[in-house]
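The values are calculated or read from the model by the stated rules, or taken from the named source; none is laboratory data. As the structure is a computational prediction, the values presented were derived from the model and not from experiment. Cβ: placed from backbone, ideal geometry, glycine included. Neighbour counts: every protein chain shown. Just so you know, the surface numbers come from the protein's heavy atoms only, side chains and all, with ligands and any DNA or RNA stripped out. Shrake-Rupley method; radii C 1.70, N 1.55, O 1.52, S 1.80 Å.
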Amino acid sequence: MTWNEDWGRISAIARKDLITERRSKAGFNSVAALGVTMLVLFGFAFGPDAQALRDAAAGALWLAILFAGVLAFNRSYQVELESGALDELLQYPGARWTIYAGKLISNLIFVSLMLAIVVAAGIVLFQIHIPSAWPMLLVTLLLGIVGLVTLGTFYAAMASRTRAREVLLPLLLFPMLVPVLLAAMSASKALLGGDLMHEASAWIRLLLGYDVIFLVAALFAFEHVIEV
Amino acid sequence: MVVPRPGAWRWFGVFAFAFLIFTQTLAILTSPPDRDMGDLEKILYVHVPAAWITFLSFFVVLAFSARYLWKGREKDDLLAAAAAEVGATFNGLTLLLGMIWGRPAWGVWWTWDARLTSTLVLFLIFVGYLALREFVDDAQRRAQWSAVVGALGAINVPIVYMSVRWWRTLHQIQSNPNTMDPAYVLGLRANAFAFLFIMIYFIHQRYVIASLQRATEHAAEAVALGGQQE
């Protein structure tokens, strides 16, 4: 198998998922709306004091993204399971990991778009001052969602095919994501506060390490998960 | 599916429990009260071995999960599951005993320190593992999936620990025989072995039960298909 053939499969799957999503729109709109709703509710929990809101902003944002994102992962396999499309997908020749990589890319784009909306809402609702080190913040957001989507896409391949998918996916996923959430929240919080202790870069390195380890592990293990 | 016979294991179980009673008695009677904590120190002999056994059990889960993915034998899957259940039990016990210790020693039931928090996260990871096993009916799928989830969970343990440690730390630095008064070392070591025997016995017993369940399932399948029972 050449790299070009693999890439052809990956992009075909990603494109297919994104087209399905774009034509229905209902999925994206409701998931993004849920993310913003979550932020409003966090606002009630921590507000209305402006400083308290700013202190809680990083944590609230990441939790809103986590809760909304988890709904997207199961969806990406559920559309395959309806009318047995997954079985046919597995009939095609080629490496199995390309299916995972394709879904990973479409989920990454899906969650990034949702993140853009949730972050925009968060900046307004939580009265966030955008720091001068905003490129670092962008890197943190990106690495954070890569970690989230890597394991989310992987675990959803199992959870979406069980009896209790709604509860099982978060139950498996959330404890595994503790390092991602801690690192992403701490780095975001530090950067929003001006990174006085210079701790953000250590957290970003942890995020990067986590992403690489679990991306490689998921690519290798996916075959064992999808074939049964 | 061959169902193991009890045989010598029954005596091993009796020995393991008798040894545990002996080492506990030994440790409690021989160890002097701690300078700061007094007799509170005696919980050391259950809390610390329980924590060690927790980590050891999850290492066993990783080993059998990896071997299952490699060789695909049902036996390895059942052993990994048995070790996960025993590990989760000891994990819960570690947390509870730690709280009972923490309340008088630190004045709080819980604190968000690195080792406490990562032990709790570990517990949650393996609760997820056991829930997955519960919710998947197909035996091969259950084995394959839980092997992957078990292996990924085990990989995550050091990362979780490191991240929580950076986040906050308060737990006392790990003791080792050099920093510990010799009066406590013997009791701790003896109890670690006692807990190890109990762990082996529990994993084996849990494995026997799982094998019996699988054997009944196979038999029921054979009857349903109209074939002969083996």
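Whether any residue in the range B:107-126 is open to solvent by 30 Å² or more (accessible area, probe 1.4 Å), in a loop (DSSP other than H, G, I, E, B) and of a type in the set (V, I, T) is what I want to check.
Yes, the range B:107-126 contains at least one residue that is open to solvent by 30 Å² or more (accessible area, probe 1.4 Å), in a loop (DSSP other than H, G, I, E, B) and of a type in the set (V, I, T).
If you take the residues in the range A:187-202 that are open to solvent by 20 Å² or more (accessible area, probe 1.4 Å) and in a helix (DSSP H, G or I), which one is farthest from the other protein chains (Cβ to nearest Cβ)?
A:L192
From the list A:L177, A:L173, A:L182, exactly one residue is without any contact (Cβ under 8 Å) to a residue 24 or more places away in the chain and surrounded by 20 or more Cβ atoms within 10 Å (Cβ to Cβ). Which is it?
Result of the check over A:L177, A:L173, A:L182: A:L182.
Report, ordered by the first and then the second residue, all pairs with beta carbons closer than 7 Å, sequence separation of six or more or different chains, a first member in the range A:1-16 that is closer than 23 Å to A:R75 by Cα, and a second member that is among the aliphatic types (A, V, I, L, M).
Listed pairs, sorted by first residue: A:I10/A:A101; A:I10/A:I105; A:I13/A:I99; A:A14/A:I105.
Which one is farthest from A:Y92 (Cα to Cα) among residues in the range A:187-204 that are among the charged types (D, E, K, R) and over 20 Å from the mean Cα position of the chain (by Cα)?
Taking the range A:187-204 first, the residues among the charged types (D, E, K, R) are A:189, A:195, A:199.
Pick out the ones that are also over 20 Å from the mean Cα position of the chain (by Cα) and you get A:195, A:199.
Details: A:D195: 50, A:E199: 47 Å.
Ranking the candidates gives A:D195 first.
Could you tell me which numbered condition A:V225 fails, if it satisfies all but one of (1) open to solvent by less than 10 Å² (accessible area, probe 1.4 Å); (2) modelled with pLDDT of 90 or more?
So A:V225 meets the others, but not (2).
Any idea which residue in the range B:77-94 is most open to solvent (accessible area, probe 1.4 Å), counting only those that are in contact with a helix residue (DSSP H, G or I) (Cβ under 6 Å, 6 or more places away or on another chain) and free of Cβ contacts under 8 Å to residues at least 60 places away in the same chain?
B:L93
Output the helices (runs of 4 or more DSSP H) that fall wholly within the range A:96-183 and possess 1 or more residues being within 12 Å of chain B (Cβ to nearest Cβ) and more than 25 Å from A:A50 (Cα to Cα), or say none.
A:134-159, A:165-176
Which of the residues spanning the range B:127-153 are in contact with a Ser or Thr (Cβ under 6 Å, 6 or more places away or on another chain), open to solvent by 30 Å² or more (accessible area, probe 1.4 Å) and at the interface with chain A (Cβ under 8 Å from one of its Cβ atoms)?
B:F135
Between residues in the range B:181-206 that are under 24 Å from B:D39 (Cβ atoms) and residues that are open to solvent by less than 20 Å² (accessible area, probe 1.4 Å) and not in a helix (DSSP H, G or I), which pairs lie under 7 Å by C-beta distance while being six or more apart or on different chains?
Cβ pairs passing all conditions: B:A183/B:S31; B:Y184/B:S31; B:G187/B:S31.
Restricting attention to the range B:194-225, report how many residues are open to solvent by less than 60 Å² (accessible area, probe 1.4 Å) and either in contact with a Ser or Thr (Cβ under 8 Å, 6 or more places away or on another chain) or under 20 Å from B:I21 (Cα atoms) (or both).
Residues that pass the stated criteria total 8.
For the range A:205-221, give me the residue count where each residue is within 10 Å of chain B (Cβ to nearest Cβ), within 21 Å of B:A66 (Cα to Cα) and either surrounded by fewer than 17 Cβ atoms within 10 Å (Cβ to Cβ) or under 18 Å from the mean Cα position of the chain (by Cα) (or both). Explain how you work it out, then say what you get.
So in the range A:205-221, the residues within 10 Å of chain B (Cβ to nearest Cβ) come out as A:206-207, A:209-210, A:213-214, A:217-218, A:220-221.
Filter once more, so that each one left must be within 21 Å of B:A66 (Cα to Cα): A:210, A:213-214, A:217-218, A:220-221.
Cutting the leftovers down to either surrounded by fewer than 17 Cβ atoms within 10 Å (Cβ to Cβ) or under 18 Å from the mean Cα position of the chain (by Cα) (or both) gives us A:210, A:213-214, A:217-218, A:220.
Residues flagged as within 10 Å of chain B (Cβ to nearest Cβ), within 21 Å of B:A66 (Cα to Cα) and either surrounded by fewer than 17 Cβ atoms within 10 Å (Cβ to Cβ) or under 18 Å from the mean Cα position of the chain (by Cα) (or both) within the range A:205-221 amount to 6.
Within the range B:105-126, how many residues are at pLDDT 80 or above and within 13 Å of another protein chain (Cβ to nearest Cβ)?
11
Six or more apart or on different chains, Cβ under 6 Å: which pairs go from a residue in the range B:35-64 that's more than 15 Å from B:L188 (Cβ to Cβ) to one that's among the polar types (S, T, N, Q) and open to solvent by less than 30 Å² (accessible area, probe 1.4 Å)? Could you list them?
B:T54/B:N91; B:T54/B:T94
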